[in-house]
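One structure is given here, and the rest of the page talks about it.
The values are calculated or read from the model by the stated rules, or taken from the named source; none is laboratory data. Computed from a prediction, not measured in an experiment: that's the story for all the values here. Cβ placement follows ideal geometry from the backbone for every residue including glycine, while neighbour counts extend to all protein chains displayed. Accessible surface areas use protein heavy atoms only, side chains included; no ligands, DNA or RNA. Shrake-Rupley method; radii C 1.70, N 1.55, O 1.52, S 1.80 Å.
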Amino acid sequence: MCVCVCVCVCVLQCCRSAAVCLCSSARRGLSCNGWSGTIMAVEFEGGVVIGADSRTTTGAYIANRVTDKLTPIHERIFCCRSGSAADTQAIADAVTYQLGFHSIELDEAPLVQTAASLFREMCYRYREELMAGIIVAGWDPRRGGQVYTVPVGGMMTRQPVSVGGSGSSYIYGYVDSNYRAGMSKEECLKFTAEALTLAMERDGSSGGVVRLAVVSEQGVERQVILGNQLPKFSTV
Amino acid sequence: TVPVNGSEEGKIKAPKPMKTGTTIAGVVYKDGVVLGADTRATSEEVVADKMCAKIHYIAPNIYCCGAGTAADTEKTTDMLSSNLTIFSMNSGRNPRVVMAVNILQDMLFRYRGMIGAHLILGGVDCTGSHLYTVGPYGSMDKVPYLAMGSGKLPAMGILEDRFKGNMDLEEAKALVSDAIHAGIMSDLASGNNIDLCVITKEGVDYIRPHRESIYNYKRQAKYKYKPGTTPVLNKTVNQLELVHETVQMMETAGSS
């Protein structure tokens, strides 16, 4: 009898999202589905290069080793998802809807900043319930290629190069020392692939293949670098 | 009442969700999708149901394997099936697998993981053959082959080893069957028979069971008692008198 009452209360509170800390802290303690790896985005003249690893883990089990973390939000706007898979998928779906609606109302292509703001609104408002680190990157006719980072907590800031996810800690040094302003598209692709490979080597939650995409005025070009084709580094 | 600051005093511990133990798997092959499941439902250490049906009907072209809490998977798939039937009637279209996935994601995310349903959805619609998994928190993955449940590790081993793109039907059935069999052999909570469900553009072949357990559970004795086993000592008959009768008409859709 006692147990039934407890369950009812817990479920009601979850649905109303009133007593937030109990549920969110409990959830973070459990191995909830999807703690994901490493994401990165770089601006260049004429567009952006985005990249991600492909591993989704549930505790120690790799639930999906070929995940696509580069999610299109609009024709020339993508988001790179890291953190809880369920949360980021839900947020991305909601923002895709909102941005699509906005774009139809305006009858023109939305700005990358608008998309980033929508992400920030949602991630900040529900910061207690969500575990989502998102990088929004794309191209719009007004300001060209832009990268905005919306990390856990709901801050938003524009950066020329941004990394995120659990594997990002291992590559801040590499990115800071190797990034130069004014790199070409090919240089950005190589830079992103190498950085992600280094992160995947050291972070247990990152791995699989490297997914890359170039978003520019011409559209979107996607590519996959398979495990055995990744750039090779010293195996000390 | 539960304190909002989460202090230790009076903190309610959520009860452990009852895992029923399962091995379920799915594979996309040349002409469609093959789904497979074991048939054991456990209640802690006792096998509660030896011939449990874990492949649930969602739509004529979509079936769903459920792992996790049995009650949750049952009710979730029922609700999904009802919603898709209503949609079909309203729009005159056959439901698509992505629709089922979206409805599930919305619902499971809203309940924040409290509904312990780990589902594998497979189906064939006008856009092709699809296999999705939806987790209890509302995350979704689209992959060509999958295993879920407590026996997913051994089953995934078999699938990773032998899966190829564009297999033919017999190969795909053998692969799924072997994957479930590996789960049954290596996981205590999975067992008994193996059910398969083959979904193609032409229709559905629900093979229940595909492979039976080699352990035959034949009862050793009969448990029926002949009339007269218990002696009757006394018999009293009370006639009930009809005092008052009323008839109340119900509002039905047919009445004008």
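Taken across segment B:101-120, residues that are hydrophobic (A, V, I, L, M, F, W, C) and in contact with an Asp or Glu (Cβ under 7 Å, 6 or more places away or on another chain) do occur, with at least one present.
For segment A:64-90, give me each residue that is in contact with a Cys (Cβ under 7 Å, 6 or more places away or on another chain) and under 26 Å from A:GLU217 (Cα atoms). Correct list: A:LYS69, A:LEU70, A:THR71, A:ILE73. Inside segment A:166-190, residues that are loosely packed, with under 13 Cβ neighbours inside 10 Å, within 18 Å of the chain's Cα centre (by Cα) and more than 21 Å from A:ARG202 (Cβ to Cβ) make up a count of 0. Looking across A:THR57, A:THR67, one residue alone is within 14 Å of chain B (Cβ to nearest Cβ), in a strand (DSSP E or B), in contact (Cβ under 8 Å) with a residue 40 or more places away in the chain and more than 11 Å from the chain's Cα centre (by Cα). It is A:THR57.
Under the condition of being at the interface with chain A (Cβ under 9 Å from one of its Cβ atoms) and either crowded, with 24+ Cβ neighbours inside 10 Å or under 16 Å from B:ILE199 (Cα atoms) (or both), the residues counted in segment B:149-182 number 1.
Is one or more of the residues making up segment A:199-218 touching a helix residue (DSSP H, G or I) at 6+ places or on another chain (Cβ under 6 Å), assigned to a helix (DSSP H, G or I) and under 16 Å from A:SER162 (Cβ atoms)? Yes.
Within segment B:131-148, does at least one residue satisfy the condition of being free of Cβ contacts under 8 Å to residues at least 40 places away in the same chain, β-branched (Val, Ile, Thr), surrounded by 12 or more Cβ atoms within 10 Å (Cβ to Cβ) and part of a loop (DSSP other than H, G, I, E, B)? Scanning segment B:131-148 turns up at least one residue that is free of Cβ contacts under 8 Å to residues at least 40 places away in the same chain, β-branched (Val, Ile, Thr), surrounded by 12 or more Cβ atoms within 10 Å (Cβ to Cβ) and part of a loop (DSSP other than H, G, I, E, B).
Set side by side, the residues A:PHE119, A:PHE78 differ, and just one is more than 14 Å from chain B (Cβ to nearest Cβ) and free of Cβ contacts under 8 Å to residues at least 60 places away in the same chain, which is A:PHE119. With respect to the conditions (1) open to solvent by 70 Å² or more (accessible area, probe 1.4 Å); (2) within 12 Å of chain A (Cβ to nearest Cβ), B:MET107 falls short on a single one, namely (1). Selection of segment B:69-108 for residues being within 27 Å of B:ARG40 (Cα to Cα) and among the charged types (D, E, K, R) yields B:ASP72, B:GLU74, B:LYS75, B:ASP78. Inspection of segment A:132-139 identifies no residue that is more than 13 Å from the chain's Cα centre (by Cα) and either surrounded by fewer than 17 Cβ atoms within 10 Å (Cβ to Cβ) or basic (Lys, Arg) (or both). Filtered by the rule that a residue be assigned to a helix (DSSP H, G or I) and in contact with a helix residue (DSSP H, G or I) (Cβ under 7 Å, 6 or more places away or on another chain), segment A:168-197 gives A:SER168, A:TYR170, A:ILE171, A:TYR174, A:VAL175, A:ASN178, A:PHE191, A:ALA195.
In segment B:223-247, the residues that are aliphatic (A, V, I, L, M) form no Cβ pair under 8 Å with any partner that is surrounded by 10 or more Cβ atoms within 10 Å (Cβ to Cβ), whether six or more places apart or across chains. Checking each residue in segment B:30-63 for being in a strand (DSSP E or B) and open to solvent by 10 Å² or more (accessible area, probe 1.4 Å) picks out B:ALA41, B:THR42, B:SER43, B:VAL46, B:VAL47, B:ALA48, B:ASP49, B:HIS56, B:TYR57, B:TYR63. Within segment B:184-226, the set of residues being over 22 Å from B:LEU35 (Cα atoms) and of a type outside the set (D, E, K, R) comprises B:TYR215, B:ASN216, B:TYR217, B:GLN220, B:ALA221, B:TYR223, B:TYR225.
Residues that are more than 19 Å from the chain's Cα centre (by Cα) and either among the charged types (D, E, K, R) or within 18 Å of B:SER129 (Cβ to Cβ) (or both) were ranked within segment B:194-221; the one that is most open to solvent (accessible area, probe 1.4 Å) is B:ARG219.
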